[in-house]
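What follows is a single structure, written as structure tokens, with notes after it.
The values are calculated or read from the model by the stated rules, or taken from the named source; none is laboratory data. All figures in this text were calculated on a predicted structure; none of them were measured in a lab. Keep in mind that these areas ignore ligands, DNA and RNA; they rest on the heavy atoms of the full protein, side chains included. Shrake-Rupley method; radii C 1.70, N 1.55, O 1.52, S 1.80 Å.
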Amino acid sequence: MKFICIGRNYAAHAAELHNAVPTKPVFFLKPESAITRCNRPFFLPDFSNEVHYETEIIVKINRLGKCISEKFAHKYYDEIGLGVDFTARDLQRKCMADGEPWEIAKAFDGSAVVGGFIPKSKLPDPQDLHFHLLLNNGKVQEGHSRDMLFPIDTLISYVSQFMTLKMGDILFTGTPVGVGPVHLNDHLQGFLEGQCLFDFYVK
Ligand code: MG
């Protein structure tokens, strides 16, 4: 399986990192070895001094698809969850300045936190979902899927033009404004429509 991660899908987040608002989706991959699940701790990597949380709505691909039209994209996922796209921001800044790929900043072991999923049938419209992150019990990130620059169906259609989506692949749909650093022993809890879908510590 692979993680397909969308960058800059919320205008206010693009602005906080001084990036332009994109005119088409921006995506990158994380390998299967990046997964952290079941509320296991996230281990700070020793090659970065500035690891940021990015809380994101995630969707699990449920069938094989290539060149999926936007109209049918909704048939390719039936569960929606919440995850964290951990990012070594210091390395990412350097990669961008040097015109290099982002993998060392984005695809490292443990960097893709996958929380719980909720069947789509038990949620409101996928573009009408509230989510937030508590860091040490204080709300630091809050988003709403209606603010996505490119909705989920557009993302699935766009990515599938370039690579086949397979059952079990997970799409990270981008982070809202409010990203920031994590430190040793921080406690992160993520909520989608009021339901806690992840709860873990930084070690
Ligand atoms: Mg992200």
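Surface listing: Ser157, Ser121 arranged by accessible area from highest to lowest gives Ser121, Ser157, probe 1.4 Å.
Taking all protein chains in place and a 1.4 Å probe, what share, in percent, of the accessible surface of the chain do carbon and sulfur account for? Looking at the chain in its full context, I get 54 percent from C and S. In this structure Ser33 has an accessible area near 70 Å², from a 1.4 Å probe over the protein heavy atoms. Classify region 116-203 from the C-alpha gyration tensor, please: rounded if a/c falls under 1.5, else prolate or oblate depending on whether a/b exceeds b/c. The shape class here is prolate. In region 16-125, the C-alpha radius of gyration followed by the widest Cα-Cα span (Dmax) gives 15.9, 45 angstrom. Largest accessible area first, the listed residues His132, His74 line up as His74, His132 when surface is computed with a 1.4 Å probe on the assembled protein chains.
For the chain, the per residue solvent-accessible surface stands at 46 Å², with DNA, RNA and ligands left out and a 1.4 Å probe.
Over the Cα atoms of region 143-192, each weighted equally, I'd like the Debye log10 I(q)/I(0) at q = 0.15, 0.17, 0.27, 0.32 Å⁻¹, rounded to two decimals. Log10 of I(q)/I(0), two decimals: -0.61, -0.74, -1.12, -1.32. Counting only residues at least eight positions apart within a chain, or on another chain, the aspartates and glutamates with an alpha carbon under 15 Å from that of Lys75 are Asp125, Asp153, Asp169. For the chain, the relative contact order works out to 34 percent when only alpha carbon pairs closer than 8 Å and six or more residues apart are counted.
Calculated mean residue ellipticity at 222 nm for the chain: -4000 deg cm²/dmol, from DSSP H runs with n ≥ 4 weighted as -39500 (n - 2.57), summed, divided by the residue count and rounded to 500. Annotation: amide H-H contacts under 5 Å for Glu50 (H modelled 1.01 Å from N, sequence separation of 5 or more, or interchain): Arg89, Asp90. Taking θ as phi - 60° and the Karplus parameters 6.51, -1.76 and 1.60, the scalar couplings of region 18-31 work out to 6, 9, 5, 6, x, 9, 9, x, 10, 9, 8, 10, 10, x Hz in sequence order, x denoting glycine and proline. Using alpha carbons only, the radius of gyration of region 3-201 set against its Kirkwood radius gives Rg/Rh = 0.93. Measuring with a 1.4 angstrom probe and ignoring ligands and nucleic acids, Leu165 comes out at about 0 Å² accessible. Close amide-amide hydrogen proximity is noted between Ile80 and Ile118, Lys120, each under 5 Å apart and 5 or more residues distant or on a separate chain (H modeled in the peptide plane; Pro and chain starts excluded). Residues whose amide H falls under 5 Å from that of Gly180, counting only those 5 or more places apart or on a different chain, are Tyr53, with hydrogens built in the peptide plane. Pairs exceeding a 19 Å alpha-carbon distance, out of Lys2/Lys60; Lys24/Lys139; Lys30/Lys203; Lys60/Lys139; Lys60/Lys122; Lys24/Lys94: Lys24/Lys139; Lys30/Lys203; Lys60/Lys139; Lys24/Lys94.
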